[in-house]
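Heads up: the structure comes next, in structure tokens.
The values are calculated or read from the model by the stated rules, or taken from the named source; none is laboratory data. Just so you know, these numbers come straight off a predicted model, no measurement behind them. Glycine gets a Cβ as well: all are built from the backbone with ideal geometry, and neighbour counts include every protein chain shown.
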Amino acid sequence: MKLSLDKISDHNSKLKLSHQDEWDFLSNKLSKEGVDVDELIQKIKDFQIAVPSWALGAGGTRFGRFGIGGEPRNLEEKLADIGLLKDLTRKTDSVSLHIPWDIPSDYSAIKSLASELGISFDAMNSNTFQDNGGSETYKLGSLGNSKKAVRDQAVAHNIEVVEIGKKLGSKGLTVWLADGSNFPGQSSLRSALQWTQESLTEIYKAMPDDWKMLLEYKPYEPNFYHTIIPDWGTSSLLCKSLGDRAKVLVDLGHHLPNTNIEQIVATLMYQDMLAGFHFNDSKYGDDDLTTGSIKPYQLFLIFCELISGSEDGAQAWESISWMIDASHNTKDPLEDLMQALEMISISFAKALLVDRRKLTTCQIEGDVVGAQECLQEAFQRDVRPLVREARIQNGGAADPIMLYRSLAVRKNLISERGAESRSTGL
């Protein structure tokens with residue numbers, strides 16, 4: 001479904017008066033506080049988050065999956081949905097493909113369609129957590145499997161993903177492993193780590209010089225005794241053995257409960273080892289819930305560390321990749337993605353408003369209360385008019401979900417694609 005600019009303009013005109021009142025009040029207050037409002041808006045406009053190709057269909061659990069109808073049946077329709085998200089939110093301009101779920105049948109046609117929609121290709125994602133027609137099975141692991149034939153097959157798949165990405169203009173490979181064990185004694189912990197390191201070395205050598213490897217970690221699931229890359233330290237250890245183009249990818253859900261993720265972010269930036277983010281949220285574990293729906297203050301604190309680390313020169317903002325990675329088994333995935341993009345933008349905007357000079361002074365002088373007040377003042381501020389103004393200036397909708405629903409987009413997608421259509425790969 002193609003969204004005309006006239007529909008966005010008509011929508012925005014209906015909300016102009018209410019928005020203008022809110023925006024005038026906030027912008028005047030910010031200006032009096034010495035904030036460069038135009039610079040602030042530009043930073044919000046420039047911050048773009050990639051959408052993964054697997055996020056356009058209904059998600060699910062190991063117990064069941066409930067379709068919503070109108071799901072994209074091929075890569076072309078997935079790109080069309082991301083183009084719709086871009087038109088509505090102006091917060092995403094790239095797609096992260098999952099292989100082999102989304103291998104293009106016609107590279108020229110896919111690149112042409114993406115260019116027409118203003119979409120580029122973010123990091124590629126390999127898949128060795130399920131069998132994909134190869135002669136060897138990944139039941140007991142892939143890059144860290146005890147059998148060399150299985151490891152070779154997994155390495156070959158990752159190299160194939162790199163070759164596909166080169167044709168599309170991607171510059172990165174995301175590696176997430178389901179490798180591990182469910183029972184003590186099932187595998188040699190040291191050998192599995194060694195085999196993984198050797199496999200990753202082969203993949204790293206096959207990447208172009210201008211590519212980076214984003215190495216993910218996860219403490220549990222699908223294996224519940226041990227995973228080969230359970231934490232950021234192990235991922236960092238492996239990356240340092242590979243080379244300076246291998247860095248650690250942080251998935252917000254891939255942590256044990258109550259983990260201080262903002263400290264992990266600060267530590268990785270201190271070492272210039274942060275590859276990027278997979279945004280989501282969790283209550284208990286890797287729940288893959290909508291970003292900011294459970295722990296908005298944590299998300300804000302993470303952005304505080306990101307902005308601080310960038311401004312202090314620890315790691316360049318441009319070197320970090322951003323992507324959403326969530327499950328939508330009870331939501332319309334497009335609406336869920338819009339909610340996530342909004343919460344990410346809000347947290348980013350709030351973090352930009354922290355008085356860093358005052359905060360630093362409080363930290364040096366040991367003013368604990370003053371330091372907390374600096375953060376709370378920014379976190380408690382309602383920046384929705386600011387984020388909305390940035391979106392409107394960028395050509396997006398004042399209220400993306402309201403417009404999406406008023407245009408009955410999902411109903412139209414069901415009409416075009418069918419009530420039983422199912423997104424590829426899920």
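Return the only residue of Ile346, Ile324 being modelled with pLDDT of 95 or more, of a type outside the set (Gly, Ala, Ser), over 30 Å from Arg245 (Cα atoms) and touching a Pro at 6+ places or on another chain (Cβ under 9 Å).
Numbers: Ile324 fails: over 30 Å from Arg245 (Cα atoms).
One residue alone meets the criteria, Ile346.
I need the full set of residues from the range 309-320 which are in a helix (DSSP H, G or I) and surrounded by fewer than 19 Cβ atoms within 10 Å (Cβ to Cβ), in order please.
Keep residues of the range 309-320 that are in a helix (DSSP H, G or I), which gives 309-311, 317-319.
Hits for the range 309-320 are Ser310, Glu311, Trp317, Glu318, Ser319.
How many of the residues making up the range 321-353 are within 17 Å of the chain's Cα centre (by Cα) and surrounded by fewer than 21 Cβ atoms within 10 Å (Cβ to Cβ)?
Going through the range 321-353, the residues within 17 Å of the chain's Cα centre (by Cα) turn out to be 321-328, 333-348.
From what is left, the residues that are surrounded by fewer than 21 Cβ atoms within 10 Å (Cβ to Cβ) are 322, 335, 339, 343.
Here the count works out to 4.
Among the residues of the range 281-291, which ones are surrounded by fewer than 24 Cβ atoms within 10 Å (Cβ to Cβ) and part of a loop (DSSP other than H, G, I, E, B)?
Across the range 281-291, the qualifying residues are Ser282, Lys283, Tyr284, Gly285, Asp286, Asp287, Asp288, Thr290.
Cβ-Cβ under 9 Å, sequence separation 6+ or interchain: first residue in the range 301-315 and closer than 16 Å to Leu40 by Cα, partner hydroxyl-bearing (Ser, Thr, Tyr). Which pairs?
Phe303/Ser347
Hey, among Ile344, Ile392, Ile320, Ile324, which residue is touching a His at 6+ places or on another chain (Cβ under 9 Å) and within 29 Å of Lys212 (Cα to Cα)? Give the steps one after another, and end with the answer.
On the way: Ile344 fails: touching a His at 6+ places or on another chain (Cβ under 9 Å); Ile392 fails: within 29 Å of Lys212 (Cα to Cα); Ile320 fails: touching a His at 6+ places or on another chain (Cβ under 9 Å).
That would be Ile324, the only listed residue that is touching a His at 6+ places or on another chain (Cβ under 9 Å) and within 29 Å of Lys212 (Cα to Cα).
Small (Gly, Ala, Ser) and farther than 30 Å from Glu373 by Cβ: is that true of Ser241 in this structure?
Against the criterion (small (Gly, Ala, Ser) and farther than 30 Å from Glu373 by Cβ), Ser241 qualifies.
Quick grid of which residues meet (1) in a helix (DSSP H, G or I); (2) closer than 19 Å to Leu242 by Cα:
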residue	(1), (2)
Phe129	no, no
Ser135	no, no
Val150	yes, no
Ala154	yes, yes
Val161	yes, yes
Ser170	no, no
Leu173	no, yes
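Would you pick out the residues in the range 352-400 that are part of a loop (DSSP other than H, G, I, E, B) and either among the hydrophobic types (A, V, I, L, M, F, W, C) or touching a residue at least 40 places away in the same chain (Cβ under 8 Å) (or both)?
Passing the criteria: Leu353, Val354, Asp382, Val383, Asn394, Gly395, Gly396, Ala397, Ala398, Asp399.
In this structure, does Asn223 turn out to be touching a Gly at 6+ places or on another chain (Cβ under 6 Å) and either surrounded by fewer than 23 Cβ atoms within 10 Å (Cβ to Cβ) or assigned to a loop (DSSP other than H, G, I, E, B) (or both)? Please lay out each step first, then the result.
Numbers: touching a Gly at 6+ places or on another chain (Cβ under 6 Å): yes; either surrounded by fewer than 23 Cβ atoms within 10 Å (Cβ to Cβ) or assigned to a loop (DSSP other than H, G, I, E, B) (or both): yes.
Yes; evaluated as a whole, the condition is true for this residue.
Determine whether the range 241-255 contains at least one residue that is surrounded by fewer than 22 Cβ atoms within 10 Å (Cβ to Cβ), touching a strand residue (DSSP E or B) at 6+ places or on another chain (Cβ under 8 Å), in a helix (DSSP H, G or I) and without any contact (Cβ under 8 Å) to a residue 60 or more places away in the chain.
yes
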